[in-house]
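Just so it is clear, none of the values below were taken in a lab; they were calculated from the coordinates. Predicted model only: the values in this text are computed from it and were never measured. Because the Cβ atoms are built from the backbone with ideal geometry, glycine has one as well, and the counts that use them run over all protein chains shown.
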């Protein structure tokens, strides 16, 4: 049974083909790095597989179930969480409210949500995660008052609240100082050790080569290589895509 | 049944809000004119509370809110004039507003901001045209006369004072319900949609369900307030619910403070009482009123409720207790 599989995924914006039939698989328990030059279609791929964009062709499977064009909220309930390239929070809510918001919709029905059942358990979980991410002291702060790095950590915390099986991270290290970047990488590795599967877009080559067990490389909407990091580093097509031939 | 502590808190807040409102005639006096004005303010508070749910909390712009007041008013008037008793007519008015509100909420899944404003504005215009043109049903521009106030057990509501407390009791119920809703997970989901729709969707928020709910509930409040308005006036005509009335409701909410529970109380009070206070200035009153409103919007974009919060924080050096924002 495949865990998460993308088959011949296509996306066009009028004449521009952003994804020209991309296929690959994410294996359960791995960290898969998705790299490629700017404009190669990485974020478009994330948007397509999470239902934020309608695909033009191809299929997406999660645990052998076809989830192509599923709405983001349905996919979230199945256990797929994602972050965005630019931090996406609820800016006027506190850190704690952001965390609670990230889990409430995956519990119960819309009617039970009219009564605040299960909030204490969620609060306890949020506190644990905030401590794990070293931002526990900020729990009552308004999210928009946090530094960018702290917002990134909160972003990661939110995606972990509902215990997704697959976590899609879109440039988790972008705009973050080196020590915080190390901190984030350490957290991802630790979570991976706890059986969380990650699909990560990242431009920091050193970091992605270090943390990912396999890499998929996109260029102009096509997959040009996939394999172990050490092999990707020597792949001619990859070097050409990044440095020009 | 033992209520959870948090629910007791909302009921207590609701009682405090409403007590503050009801006490007004005790200060200004029970003259027919003041009672009429106070009742009108309470009715508009109910309507603006609904607008606050749709626009203030869930962030869905609507310029058709007055149409729902019209729907409520006409439903109650048409049915009671045809022999229905008040309660079923009033319930049906609420139900129709709720359902039409839900239908108006449907386009919100595809259109946003200014475009949504136009869609709702269009709805408001259609309802206004319906009220003016369907003469057999609505009486057209002549309106509908002779709407009777109901009797509760042996208590007649024909006296203005009894009617004032009758309307205030609705305010109490709807305030408690509003506080409960906005402090539930629904309230948080509404705010999530307002603050970041993209992220809301990605943390599992069903945008369609919550947007439709925000419109439906807001419209229900408007419909019920419209029903009460018909009883207050005992006469209704389409010109009570033109498209511009929706703008007035919007001004009330923005001046009061959108997305702040107290905003729906302060806004109608200020917007409806201020012209009365400025009456002595004769021709200038509208200019002064507009200037004061503009001043509030420029210096306190979070409205008078926001200003109140800031002042409280400055004086007591802590957040105002019991806020629902």
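List of remarks:
- Residue A:2 paired with residue B:298, simple spin-label distance in nm, labels 7 Å along Cα-to-beta-carbon: 6.2 nm
- Across all directions, the shadow cast by the convex hull of chain A built on its C-alpha atoms averages 13.9 square nanometres.
- Given R0 = 30 Å, the distance between the Cβ atoms of residue B:276 and residue B:84 translates into a calculated FRET efficiency of 0.30.
- Shape category assigned to segment B:5-316 from the gyration tensor of Cα positions, a/c cut at 1.5: rounded
- Top of A:40, A:147, A:23 by mean-square fluctuation, Gaussian network on chain A, Cα under 10 Å: A:147
- Modelled label positions at residue B:112 and residue B:95, each set 7 Å beyond Cα in the direction of Cβ, lie 3.6 nm from each other.
- Ranking of B:175, B:62 by count of other Cβ atoms within 10 Å, fewest first: B:175, B:62
- Listed residues B:234, B:260, B:110, most fluctuating in chain B (Gaussian network, C-alpha, under 10 Å): B:110
- Intensity falloff of segment B:114-169 expressed as log10 I(q)/I(0), Debye formula with alpha-carbon point scatterers, at q = 0.16, 0.20, 0.22, 0.23 Å⁻¹: -0.75, -0.78, -0.80, -0.81
- Relative contact order of chain B, pairs being alpha-carbon contacts under 8 Å that are 6 or more residues apart, as %: 30 percent
- log10 of Debye I(q)/I(0), alpha-carbon scatterers only, for segment B:1-83 at 0.14, 0.15, 0.22, 0.25 Å⁻¹: -0.77, -0.86, -1.07, -1.10
- Square roots of five times the Cα gyration tensor eigenvalues for segment B:93-252, Å: 32, 22, 12
- Using a Gaussian network model of chain B in which every pair of alpha carbons under 10 angstrom is joined by a spring, one finds that among B:103, B:251, B:152 the greatest mean-square fluctuation is at B:152.
- Distance from segment B:107-121 to segment A:72-96 (C-alpha centre basis), Å: 24 Å
- Computed from the Cβ-Cβ distance with R0 of 30 Å, the FRET efficiency linking residue B:323 to residue B:158 stands at 0.15.
- Helix A:95-104 and the long axis of chain A differ in direction by around 80°, with both axes built from C-alpha atoms.
- When the P(r) is computed for segment A:1-108, the part past 17 Å accounts for 59% of the Cα-Cα pairs.
- Compared with the alpha-carbon gap, the fully stretched path from residue A:174 to residue A:147 is longer by 8.4 nm at 0.36 nm per residue.
- Seen against the Cα atoms of chain A and their longest principal axis, helix A:148-161 is set at about 80 degrees.
- Working from label points 7 Å from Cα in the Cα-to-Cβ sense, the residue A:115 to residue B:198 distance is 3.8 nm.
- Look at the Cα gyration tensor of segment B:234-297: its axes a ≥ b ≥ c give a/c of at least 1.5 with a/b at or below b/c, and that counts as oblate.
- On the principal axes of its alpha carbon atoms, the protein assembly as shown extends 89, 55, 53 Å, with the longest extent given first.
- Cα long-axis angle, helix A:178-193 against chain A (0 to 90 degrees, to the nearest 10): 90 degrees
- Using R0 = 56 Å, the C-beta based FRET efficiency linking residue A:190 and residue B:315 works out to 0.75.
- Volume of the convex hull of segment B:198-274 (Cα atoms only), normalised per residue: 125 Å³.
- Cβ crowding within 10 Å, taken as a proxy for footprinting-reagent exposure, orders B:253, B:308 from fewest neighbours to most as B:308, B:253.
- For segment B:38-177, the square roots of the Cα gyration tensor eigenvalues, ordered a ≥ b ≥ c, give a/c of at least 1.5 with a/b no greater than b/c, which places it in the oblate category.
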